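Enquirer: One structure is given below, represented as structure tokens, and several questions about it will come after.
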Amino acid sequence: MSIPFLDLKAINLTQQDEIEQATRRVLHSGWYVLGKEVSAFEEAFAAYCGTKHAIGVANGLDAIFLLLKAYGVGPGDEVIVPSNTYIATWLAASHCGATPVPVEPVEGTYNLDPARVEAAITPRTRAIIPVHLYGQTADMDPLMALAAKHNLKVIEDAAQAHGALYRGRKVGALGHAAAFSFYPGKNLGALGDAGGITTDDDELALKLRTLRNYGSQKKYHNELAGYNSRLDELQAAVLSAKLPALDGQNRARAAIAAIYDQGLAGIASLRLPEVPEWAEPVWHLYVVRHAQRDALAARLADAGVGTLVHYPLPPHRQPAYADLGLAEGTLPISEAIHREVLSLPMGPTMTEDQARQVVLAVRAAVAALDAA
């Protein structure tokens, strides 16, 4: 048995013809930056998310960073971020000169805890960035209520949640704006780095289109001190080709998750994902927890089952943020999560038989560890 954690080649080959047609179209167009392909994808993705605007940028980190810059966030400001997330969310705030202020998650869902957010708000707070981690939405309504109360902006980090629903509404249209990554391993992935932003704010969208292109709306005329962060035509064409299959692929992921849920239920030492009644995840990752995570991963590797750890260290324990002085034990929920989480194989091309084999391997590995 050999089951990879994620088979990107197999995923992309399911749409080989559409992808090849898209790349051929770009090749023969003679236009490779900010052309018709980018415009077409932006229009399609905005319609998919239910927003007025989508703005293509170079990657997911840039998407968050440009939003913060467009909102005027800078030195002396604070941005509330989850303690439990990939470091890119924090880096975007840092790159603006702002200070990331971590808030612990709801342990069951791993997402930002609205009940803890208000205590972290200060007169310097400018924005809240909830992350829809592992493909499940954060609890957005109370966060938006807090933002309205304190005059803050809410930026969804939707890098792992393309198509996820919160109370029947798609991510990307839940906050004031949203940032997406289209990194190849995402549910909607390009063939290289790519990112995007969605919003209903006309003025914000215009500013973002200007910032991403050297601060220019008209060639050689620069209104702002902008950046070079443009979604290129090739990646836009690939994303347009892949977008129609996204919902079907998300349903395939959900079917694998259901097999895991049923097959792994009842194991006392193994914590499974929790899904609130208001959430409809897209299962970017299926993450379990075990006190002997590394030993479990090793046993599964011996059984031919690929796993990954998302993520080994929380941002506040990374050397990059040593200057914040957040010692071990400062954020205990996040630290415990990062010690114990393990992501099982997940992808739209996995078969039900493969998922059942993973279940058997996990049950056998956990039983051996628990008996030792």
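The values are calculated or read from the model by the stated rules, or taken from the named source; none is laboratory data. Quick caveat, the model's predicted, so the values are computed rather than measured. Don't worry about glycine lacking a Cβ; one is built from the backbone with ideal geometry, like all the others, and counts go over all protein chains shown. In case anyone asks, the SASA skips ligands and DNA or RNA and just uses the protein heavy atoms, side chains included. Shrake-Rupley method; radii C 1.70, N 1.55, O 1.52, S 1.80 Å.
Enquirer: Among the numbered criteria (1) under 15 Å from the mean Cα position of the chain (by Cα); (2) open to solvent by 30 Å² or more (accessible area, probe 1.4 Å); (3) not assigned by the TED database to the domain that holds Asn12, which one does Leu285 miss?
Expert: All conditions are met except number (2).
Enquirer: Something else: Look through Ala295, Ala291, Ala268, Ala254 and report the one residue that is surrounded by fewer than 20 Cβ atoms within 10 Å (Cβ to Cβ), within 22 Å of the chain's Cα centre (by Cα) and under 30 Å from Ala365 (Cα atoms).
Expert: Details: Ala295 fails: within 22 Å of the chain's Cα centre (by Cα); Ala291 fails: within 22 Å of the chain's Cα centre (by Cα); Ala268 fails: within 22 Å of the chain's Cα centre (by Cα).
It is Ala254.
Enquirer: So which residues in segment 303-320 are outside any loop (DSSP other than H, G, I, E, B) and either open to solvent by 40 Å² or more (accessible area, probe 1.4 Å) or of a type in the set (Phe, Trp, Tyr) (or both)? Steps first, answer last, please.
Expert: If we filter segment 303-320 for residues that are outside any loop (DSSP other than H, G, I, E, B), which is where we start, we get 305, 308, 315-317, 319-320.
Within segment 303-320, Leu308, Arg317, Pro319, Ala320 qualify.
Enquirer: Now a separate question. Mind checking whether some residue in segment 321-331 is among the hydroxyl-bearing types (Ser, Thr, Tyr), more than 21 Å from Gln354 (Cα to Cα) and assigned to a helix (DSSP H, G or I)? Give the steps one after another, and end with the answer.
Expert: Quick first cut of segment 321-331, residues among the hydroxyl-bearing types (Ser, Thr, Tyr) only: 321, 330.
The next check asks that each one be more than 21 Å from Gln354 (Cα to Cα); those that pass are 321, 330.
When the remaining residues are screened for being assigned to a helix (DSSP H, G or I), the result is 321.
Yes, some residue in segment 321-331 is among the hydroxyl-bearing types (Ser, Thr, Tyr), more than 21 Å from Gln354 (Cα to Cα) and assigned to a helix (DSSP H, G or I).
Enquirer: I need the full set of residues from segment 324-372 which are small (Gly, Ala, Ser) and open to solvent by 30 Å² or more (accessible area, probe 1.4 Å), in order please.
Expert: Just the residues of segment 324-372 that are small (Gly, Ala, Ser), to begin with: 325, 327, 329, 334, 336, 343, 347, 355, 361, 364-365, 367-368, 371-372.
Result: Gly325, Ala327, Gly329, Ala364, Ala367, Ala368, Ala371, Ala372.
Enquirer: Just to be sure before I move on: is Leu206 within 17 Å of Val57 (Cβ to Cβ), out of contact with any helix residue (DSSP H, G or I) (no Cβ under 9 Å at 6 or more places or on another chain), among the aliphatic types (A, V, I, L, M) and not assigned by the TED database to the domain that holds His310 in the structure I sent?
Expert: Details: within 17 Å of Val57 (Cβ to Cβ): yes; out of contact with any helix residue (DSSP H, G or I) (no Cβ under 9 Å at 6 or more places or on another chain): yes; among the aliphatic types (A, V, I, L, M): yes; not assigned by the TED database to the domain that holds His310: yes.
In short, yes.
Enquirer: Output the number of residues of segment 6-50 satisfying the condition of being over 18 Å from Ala194 (Cβ atoms) and in a loop (DSSP other than H, G, I, E, B).
Expert: Number satisfying all stated conditions: 4.
Enquirer: Pairs please, first residue from segment 295-313 and free of Cβ contacts under 8 Å to residues at least 40 places away in the same chain, second anywhere and open to solvent by less than 30 Å² (accessible area, probe 1.4 Å) and of a type in the set (A, V, I, L, M), Cβ atoms under 7 Å, 6+ apart in sequence or on different chains.
Expert: Correct list of pairs: Val309/Val341; Val309/Leu342.
Enquirer: Any idea how many residues of segment 1-28 are in contact (Cβ under 8 Å) with a residue 60 or more places away in the chain, open to solvent by 70 Å² or more (accessible area, probe 1.4 Å) and either of a type in the set (Ser, Thr, Tyr) or in the same structural domain as Gly185 (by the TED database) (or both)? Before the answer, list the steps.
Expert: To start, the set of residues in segment 1-28 that are in contact (Cβ under 8 Å) with a residue 60 or more places away in the chain comprises 1-8, 10-12, 14-15, 18-19, 21-23, 25-26.
Now restrict to residues that are open to solvent by 70 Å² or more (accessible area, probe 1.4 Å): 1-2, 14, 18, 21, 25.
Subsequent filtering for residues that are either of a type in the set (Ser, Thr, Tyr) or in the same structural domain as Gly185 (by the TED database) (or both) retains 2, 14, 18, 21, 25.
Number satisfying all stated conditions: 5.
Enquirer: Could you please give the count of residues in segment 306-348 that are out of contact with any helix residue (DSSP H, G or I) (no Cβ under 8 Å at 6 or more places or on another chain) and of a type in the set (Lys, Arg)?
Expert: 0
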